[in-house]
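This report concerns only the one structure given below.
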Amino acid sequence: IREKPDNVADYVANYIKKRINLFSPSEERPFVIGLPTGSSPIGVYERLVKMHKNGELSFKHVISFNMDEYCQIPQDHPESYHTFMWNHLFKHVDIKPENVHILDGNAKDLQQECLSYEEKIKSVGGIELFLGGIGPDGHIAFNEPGSSLSSRTRVKTLAYDTILANSRFFGGDIEKVPKLALTVGVGTVMDAREVVILITGAHKALALAKCIEEGVNHMWTVSALQLHPKGLIVCDEDAVLEL
Ligand code: GLP
């Protein structure tokens, strides 16, 4: 627990820097990281970019897999997760473009796209660290309430609450928010050797309480973290109000 979102971002950015630097000194041992979008990770990405510019951190040996992507909007849409990731992180660091993986929400065959994504993750030896955020309903990636806790990468219809929450990025117009997305499954996230979840703000306090003080529950999909051997939640003081 850290005081403010900025302190959470400091902690997590330093943590990731240390993990990448210790793990991945050479090309032979790339660091495979899972990454989220949303407002929660923005402070972390800002700090990682600064560390890169100061010469403290390189992404030369980092391979990334993003959690999710909208369907029904073009890849270069200002609110696509492709655009988000390039603007907030990738274009500012030395990651090799061929090492960036983001689901293609416009693929002709969406199911095949999801299967290939799982295969790609396997082919690089699995994910070392999956960073995530959560929705106020406790969803991780786009694994909406009711998702199977063993789910894999797939097409998902977004819950009304998520559409409503994300409408703030689409001029407040819920009609403009895509209703379908591709997302890694809860099982895909939990397969990572380490999972780090960012939770900030009073609007996530109920989800945090459900996640850690109640049983593992598919209605609060982040609660699957209880079963993970190396799961870490980094939250601010507002998020612990219901504990
Ligand atoms: C979307 C994303 C999630 C993210 C959530 C919360 O639903 N698919 O991965 O965790 O938003 O976003 P924020 O951090 O803006 O609250």
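Odds and ends about this structure:
- Since only Val186, Ile121, Val155 are under comparison, the one whose Cα sits farthest along the positive direction of the charge dipole of the chain, derived from C-beta charges on Lys, Arg, Asp and Glu, is Ile121.
- Checking the Cα-Cα distances for Lys91/Lys230; Lys96/Lys204; Lys17/Lys204; Lys122/Lys176; Lys18/Lys91 against a 32 Å cut-off, the pairs over it are Lys96/Lys204; Lys122/Lys176.
- Separation of alpha-carbon centers, region 203-243 and region 17-57, rounded to whole Å: 24 Å
- Under 5 Å, built H, 5+ apart or other chain: amide partners of Ile233: Ile197
- Here is the list for region 85-134: trypsin sites (Lys or Arg not before Pro) lying in DSSP coil, each with at most 15 other C-beta atoms within 10 angstrom of its C-beta, are Lys108.
- Residues considered: Ser64, Ser150, Ser40. Largest GNM mean-square fluctuation over the chain, using C-alpha springs under 10 Å, is found at Ser150.
- Comparing Pro41, Pro30, Pro78 in a Gaussian network model of the chain (Cα springs below 10 Å), the most mobile by mean-square fluctuation is Pro78.
- Value of Rg to Rh for region 5-240 (Rh from inverse mean 1/r over Cα pairs, i.e. Kirkwood): 0.93
- In the chain, taking the dipole from charged Cβ atoms about the Cα centre, the farthest positive-side position among Thr200, Gly34, Asn21 is held by Asn21.
- Computed about the Cα centre, the dipole magnitude for region 5-240 is approximately 460 debye when only Lys and Arg (+1) and Asp and Glu (-1) carry charge, each at its Cβ.
- Which of Gly172, Ala209, Asn99, positive extreme of dipole for the chain (C-beta unit charges): Asn99
- Comparing Thr188, Thr200, Thr83 in a Gaussian network model of the chain, where Cα atoms under 10 Å apart are tied by springs, the biggest mean-square fluctuation is seen for Thr83.
Only the coordinates and a few stated rules stand behind these numbers; no lab work does. Everything numeric here is computed off the predicted structure, so don't read it as measured data. Note that each Cβ is placed from the backbone with ideal geometry, even for glycine, and that neighbours are counted across all protein chains shown.
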